[in-house]
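Presented below is the structure to which this report refers.
The values are calculated or read from the model by the stated rules, or taken from the named source; none is laboratory data. None of the values given here were measured: they were computed from a predicted structure. Ideal geometry is used to build each Cβ from the backbone, glycine not excepted, and the neighbour counts take in all protein chains shown. All accessible areas refer to the heavy atoms of the entire protein, side chains included, with ligands and DNA or RNA removed. Shrake-Rupley method; radii C 1.70, N 1.55, O 1.52, S 1.80 Å.
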Amino acid sequence: MDDPRRRVPATHELLGDPRLVEARRRLGAAVVKAAVRAAQETCRRGDLATRDVADAAVAALPRASSSLRKVLNATGVLVHTNLGRAPLSTAATQALTEAAGATDVELDLSTGRRAGRGRGALAALAAAVPDAEAVHVVNNGAAALALVTAALAGGREVVVARGELVEIGDGFRIPELLESAGARLREVGTTNRVSREDYAAAIGPSTGFLLKVHPSNFVVSGFTSAVRVEALATLPALVVADIGSGLLAPHLRLPDEPDAASALRAGADVVTASGDKLLGGPQCGLLLGSAELVHRARRHPLARALRVDKLTFAALEATLCGPVPPVLAALGADPDALLGRCRSIAAALAHAGVAARAERSLAVVGGGGAPGVELASAAVCLPAGLADRLRIGDPPVLGRVEHGQLLLDVAAVDPADDEELARAVVAAARAVANGPQTPPPGRTAAPSSGRA
Ligand SMILES: *Cc1c(COP(=O)(O)O)cnc(C)c1O
């Protein structure tokens, strides 16, 4: 009797396959060997023919060493939290690559001495917000708020309006963050209304600071009142403003969105914000304001636990100094130009036999910025049945389903990706036409809105 194991190709033979030799260089030996062993095992069980073992090993290889994939964001949500928030500019992407190896992040090459970590990015941020006496950068917006709280209100009270006790997202809440940083909450006002007098009455010897939080992912309307930073700044206590979105200066299209320069001019002692929302940069948290207070935060022991890496500094500096980042470019996009892009995509689809229509649509900022603001945009309309296929395609395309139609909104799509988008739609339409749809891996529901 023939031992079936004899017919399993030897490991060294399989590893000599040119495709697997190339894969070893790209993905590492361990990954390739695991794929080879799995294919051999299937063959040993009798479930795979000898001649197919190499092919099966190749087919089982991951596409890359990281499982994170490029996705085309056609949701019409500019800053989509589930899709990594702000896409980086080409300049920022190049800066990441340049800084990936050994880099002068903490060394002055002209003297050979140690130098301020990330000084280029910090100088660029300071230059972008001249109203800030000093700046600091930490891991994200929540880290900026936690650090300011620990440094300025550890063991003391943070006075905050009940209507501003925001849940940021994914179950994380500002009040719990403040408490975990060592502060006690002193809530003032009601859900819908708070006055300057409410804050004034709460100030006492144990006040750390008054906190103004921008409700960045919801809108309250009706019988409401909040107290502006200007008014808080007239009270005898420090004022910290968490503006959230990271706008550094006012933006014409977002008249109600707070920005760092205005908050500082209005009298905030420290402003905190995220770097990967409307600033359009890498994930990071910004602290801007009084030299003395920012210095205290920078020297607090927690600062070391929240510090950013060289890649973040590299991408942040390039975002601040380089060409307009994609989020801001998208904010300023001309709706007619967006419609023109959709018409070109629809024409390319029609040419390939896929019926599609270009239509005006409304995009949103998302990601915890400018809630309630709608941005004139345009979309390619397709049958809703394509949505699942597009999401599991290559590249994956995420749209939104509205009134039974799939809208591929181009507001957040890089124009350089339009052709790839059209090709992905054609491939998805053919896959759907060609028969029973294989169930997509993972969840089939549309992704969440991408709020922070
Ligand atoms: C987004 C946001 C945060 C949290 O910032 P992350 O960068 O997500 O940590 C905090 N406060 C406000 C007002 C926000 O909008």
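For VAL188, the amide hydrogen comes within under 5 Å of the amide hydrogens of VAL160, ALA161, ARG162, counting only partners 5 or more places away or on other chains and with H modelled in the peptide plane. The HN-Hα couplings worked out from phi for segment 27-44 by the Karplus form 6.51 cos²θ - 1.76 cosθ + 1.60 (θ = phi - 60°) are 10, x, 5, 4, 5, 5, 5, 4, 5, 5, 4, 5, 5, 4, 5, 4, 5, 4 Hz, whole numbers, x standing for Gly and Pro.
Taken over the chain, the ratio of Cα radius of gyration to 2.2 N^0.38 Å equals 1.18. Carbon and sulfur atoms: what percent of the 1.4 Å accessible area of the chain do they account for? Ligands and nucleic acids excluded, carbon and sulfur reach 54 percent. Would you mind classifying segment 279-373 by shape? Square roots of the alpha carbon gyration tensor eigenvalues, ordered a ≥ b ≥ c; an a/c under 1.5 is rounded, otherwise it is prolate if a/b is larger than b/c and oblate if not. Here segment 279-373 falls in the prolate category. A Förster radius of 45 Å, combined with the Cβ-Cβ distance separating ARG113 from THR90, puts the computed FRET efficiency at roughly 0.85. Projected label points at VAL219 and ARG193, each 7 Å from Cα along the beta carbon direction, are separated by 2.2 nanometres. Where in the chain lies the longest segment free of chymotrypsin sites (Phe, Trp or Tyr not before Pro) that are both loop residues by DSSP (not H, G, I, E, B) and have at most 14 other Cβ atoms within 10 Å? Result for the longest clean stretch: 224-452.
Across the chain, C-alpha contacts under 8 Å between residues 6 or more apart give a mean separation that, scaled by the residue count, equals a relative contact order of 20 percent. Label separation (ALA350 vs ALA291): 6.4 nm, computed from points 7 Å beyond Cα along the C-beta direction.
Within segment 115-209, all pairs of alpha-carbon atoms sorted by distance into 10 Å bins from zero give the percentages 15, 35, 32, 16, 2. Diffusion coefficient (Stokes-Einstein, Kirkwood radius over C-alpha pairs, 10 °C, 1.306 mPa s) for segment 317-434: 107 µm²/s, rounded to a whole number. Where both bridge residues fall in the chain, DSSP classifies roughly 60% of the beta bridges as antiparallel. Available extension along the chain between ARG304 and GLU167 is 46.7 nm, counting 0.36 nm per residue and deducting the alpha carbon span. Based on Cα contacts under 8 Å between residues 6+ apart, segment 1-118 shows a relative contact order of 17 percent. Taking a ≥ b ≥ c as the square roots of the eigenvalues of the alpha-carbon gyration tensor, segment 161-289 is classed rounded because a/c is under 1.5. Segment GLU22..ALA329, full-extension length gain: 106.6 nm, with 0.36 nm per residue of separation and the alpha-carbon distance subtracted. Taken one residue at a time, the phi angles of segment 205-211 give Karplus couplings (6.51, -1.76, 1.60, θ = phi - 60°) of x, 9, 6, x, 7, 8, 10 Hz. Gly and Pro are set to x.
Taken one residue at a time, the phi angles of segment 303-320 give Karplus couplings (6.51, -1.76, 1.60, θ = phi - 60°) of 4, 5, 6, 10, 6, 9, 8, 4, 5, 5, 4, 4, 5, 5, 4, 5, 5, 6 Hz. Gly and Pro are set to x. Here the calculated FRET efficiency for LEU252 and LYS33, from their Cβ-Cβ distance with R0 = 56 Å, stands at 0.45, rounded to the nearest 0.05. Normalising the average separation of contacting C-alpha pairs (under 8 angstrom, six or more residues apart) by the number of residues puts the relative contact order of segment 45-198 at 13 percent. Taking every protein chain into account, the accessible area of the chain amounts to 48 square angstrom per residue (probe 1.4 Å). Once the chain from GLU13 to GLU106 is taken as fully extended at 0.36 nm per residue, the excess over their C-alpha distance is 28.7 nm.
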